[in-house]
1. Return the pair list, or none, for Cβ contacts closer than 6 Å from residues in the range 149-160 that are assigned by TED's automatic domain parsing to the domain that holds Val134 to residues that are outside any strand (DSSP E or B) and basic (Lys, Arg), at least 6 apart or on different chains.
2. Just checking, does the range 380-399 include any residue being among the β-branched types (Val, Ile, Thr) and under 25 Å from the mean Cα position of the chain (by Cα)?
3. Only residues that are hydroxyl-bearing (Ser, Thr, Tyr) and within 25 Å of Lys185 (Cα to Cα): list them for the range 206-265, please.
4. Which ones in the range 453-485 are touching a residue at least 24 places away in the same chain (Cβ under 8 Å) and not aliphatic (A, V, I, L, M)?
5. Name, by its number, the condition in (1) in contact with a helix residue (DSSP H, G or I) (Cβ under 7 Å, 6 or more places away or on another chain); (2) within 12 Å of the ligand (Cβ to nearest atom); (3) in contact (Cβ under 8 Å) with a residue 60 or more places away in the chain that does not hold for Ile49.
6. For a quick check of your reading of the model, give me the residue pairs whose first member lies in the range 12-32 and is of a type in the set (Ser, Thr, Tyr), whose second is modelled with pLDDT of 95 or more and not in a loop (DSSP other than H, G, I, E, B), with beta-carbon atoms closer than 8 Å and at least 6 apart or on different chains.
7. Might you check whether a residue that is modelled with pLDDT of 95 or more, closer than 30 Å to Glu4 by Cα and surrounded by 17 or more Cβ atoms within 10 Å (Cβ to Cβ) occurs anywhere in the range 42-51?
8. Can Thr210 be described as more than 27 Å from Asp320 (Cα to Cα), open to solvent by less than 10 Å² (accessible area, probe 1.4 Å) and away from the ligand (no atom under 16 Å from the Cβ)?
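The values are calculated or read from the model by the stated rules, or taken from the named source; none is laboratory data. Everything quoted here is computed from the prediction, not taken from an experiment. Counting neighbours? That spans all protein chains shown, and the Cβs are built from the backbone with ideal geometry, glycine included. In case anyone asks, the SASA skips ligands and DNA or RNA and just uses the protein heavy atoms, side chains included. Shrake-Rupley method; radii C 1.70, N 1.55, O 1.52, S 1.80 Å.
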Amino acid sequence: MTNELYDVVVIGGGPAGYIAAIKAAKLGGNVALVERGQLGGTCLNRGCIPTKTYLKNAEMIASVRECAKRGIVLADPTLTVDMPKWVSLKNRVVKRLTAGVGVLLREHNVTIVQGEGRIEPLESPGNGGARFNVQVHSEKGDGGEATVLATKNVIAAGGSKVGRLPIPGLEDPRVLTSDTILDLKELPDSLAILGGGVIGIEMARIFSATGVKTTIVEREPRLAPMLDVELSDALAKTFKREKVDVRTGVEVEEIQFSDDGASLVLAGGETINAAAVLLSVGRVPDESALEGLDLEREGRAIRVDGSMRTSIPGLYAPGDVNAQNMLAHAAFKMGEVAAQDAMGHAEHTVASDPVELLKYTPGVIYGEPEAACVGLTESQAKEQHGEIRVGRFPFQANGRAIASGQTDGFVKVIADAKYGEILGVHIYGPCASELINEAATLMAAEATIEELAEAIHAHPTLSETLMEAAADALERCLHLPPKKG
Ligand code: FAD
């Protein structure tokens, strides 16, 4: 047991945890952060950053293939993929960022403790107001005594882990997950991806670009079913053109392995054969730090309020662990508000519940083209607001997109019919992940389509499409032909 009393002990060094630790330290707290693996969590080590490193490579492959069309002649157009180099590039990128997190934490005087943390609430406040002990067991399993950290508050940011399904064969160690597939040094000839959500789609885009024959199998009737239906349809169209086999509305009943690879047995008896299988059916909270605690729940998820407080006073659960919105930028915000509250600065936390806090959080599916959204889908907007206005603008009519040869896709803006407040923006097209942030900022400021349509955007830029879609919602877009009928 250390003699030190912490204001905040954070468990988990991912986006929610490391931001919470830095924020609490900035607010004057004595802070420790417990991490059993690498700083940076899923996002930096196995998620956002590794996938984007590979997606950049996929994009470069597509660009090389486009060269001839644009009058760039390569002397030897043979293209091969050196996977060991991909892996080492990815590892260098990850190392640079995770090291940066370490530097930031140390420069803010956060004590970093390596090991698995478990929370023990104290029955009555201890010396100096301690409410918890955090037991930290070293990863080395040396059987030695646990380090015990006494603290007034705990921010449990244990994140999430790969979700599984009770399908016979899925427990086979040959089944790849997002934790393992990005370390493959040899490409399989073919890949069957179980799950057509965000991760499955990004992986399909990466591996199909390298020439791997890719199949996506999705139980729901469409890809990424949480998206506006027009985005799902656009993704499906792109995959069709790129010869990625997408099977939606299909249930996998069993996976059988042989020396040649795997067979996915579908309901109805059809089989899909592939050299490798990737499981990507979503993620589930990692509650290892919270084991044995009697926390209030909402369904299966831990209940938190808008400051990330759980039902145990002094215990917070920001990030993927509360399953509210499993995205890194949502985790950053949740970590920050948890730290503010723990340090007695709750006045900065304006949201009454997590849904309100995360209302204008954009979501992106990366790859070429990107799909991005913020706010309500068209059907949600109709359901919640009755009368709405919808404006669209295609990238085919945007000068910058035409100059870049990236004309696939559209911007769709949804607004309330009475006041014109922007309710949702959905983009399929080049740089959608960047464009969506303008929409999210406007929505957070409760801007209207009138204001967006009137704001002068630089020309030629892709973001003009946002302005044009807003003008279309008002039926005054000058770069579209008049609507018939
Ligand atoms: P995590 O990042 O999971 O961090 C939790 C940390 O806690 C881990 O390091 C873990 O080791 C540690 N931990 C857990 N329990 C304990 C314990 N008991 N003791 C000590 N340490 C513990 N999100 C995006 O916004 N954009 C993307 O492009 C994106 N791409 C993704 C791609 C993939 C393949 C995956 C898997 C995820 C992606 N995500 C993306 C999601 C994003 O990674 C998560 O939303 C984000 O990492 C959540 O942050 P977190 O801090 O809540 O949890």
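1. Lys152/Arg131
2. no
3. Ser208, Thr210, Thr214, Thr215, Ser258, Ser263
4. His459, Pro460, Thr461, Ser463, Glu464, Thr465, Glu468, Asp472, Cys477, His479
5. So the condition that Ile49 fails would be (3).
6. Listed pairs, sorted by first residue: Tyr18/Val10; Tyr18/Leu33; Tyr18/Gly41; Tyr18/Val101; Tyr18/Leu104; Tyr18/Leu105; Tyr18/Gly335.
7. Yes, the range 42-51 has at least one match.
8. Against the criterion (more than 27 Å from Asp320 (Cα to Cα), open to solvent by less than 10 Å² (accessible area, probe 1.4 Å) and away from the ligand (no atom under 16 Å from the Cβ)), Thr210 does not qualify.
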